[in-house]
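Structure, as structure tokens:
Since every read-out is calculated from the coordinates, none of them should be taken as a lab result. All figures in this text were calculated on a predicted structure; none of them were measured in a lab. Neighbour counts are summed over all protein chains in view; Cβ atoms, including those assigned to glycine, are modelled from backbone coordinates with ideal geometry.
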Amino acid sequence: MKKTIAVFSVVASTILIGTSILPSVQAHASTINSQVSQTIYPNIDFNNPVLDNSNSVHYIFGAEILAVVKLNNPLEYAQIPDSEIQAILEQDNLRQGGTYYKDLGNGNYRIYINSAIVKAIKLGYMSVAAGLIAASPLTAGLSAAVGTAVVGAISYIPDNRGAWFQFSRSQMTSFGQQ
């Protein structure tokens with residue numbers, strides 16, 4: 001019985017935090033930065049131990065992806081519905097199914113993407129996939145191969161789920177849903 005109460009308390013706390021403490025934030029990204037500024041995300045505590053701050057993880061925020069899309073493909077950016085843009089931005093506050101690059105060592109790495117990014121790509125906004133890859137720490141040489149592999153594999157992921165893609169250099173070795 002104590003185990004059930006503890007699990008319920010954690011879930012209830014998560015729901016309470018997600019709905020009360022973290023209000024919706026609008027981010028207006030006009031430049032691309034490798035570091036997300038505290039002014040874009042005033043309600044996220046980047047010192048929170050929930051976020052892995054090791055050198056092997058590079059977080060990719062929705063505002064970064066959208067800034068790349070807006071800069072490189074303004075016509076497609078204008079076609080993305082406001083509801084999809086808001087969903088991408090709100091995922092940064094929810095911390096559900098993160099979007100990040102994780103170096104696994106020896107040329108192996110994983111790219112994790114949240115469900116809002118999966119949905120946008122599946123709706124045909126390919127520049128969102130390009131923005132995701134451009135905001136990652138991948139080199140230009142790897143970016144094209146990785147982007148193509150992610151777009152190809154994403155059709156197997158439900159649009160209401162996040163996804164992960166594991167690579168060994170430029171070759172996808174596995175993928176799945178979050």
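Brief remarks on what is shown
- Calculated on the Cα set of the stretch 123-176, radius of gyration then Dmax: 10.8, 31 Å.
- Environment charge at Ile157 (Cβ cut-off 11 Å; Lys +1, Arg +1, Asp -1, Glu -1): +2
- Charge context of Val146, other residues only, Cβ under 15 angstrom, K/R +1, D/E -1: +2
- The stretch 79-177: mean projected area of Cα convex hull, nm²: 5.9 nm²
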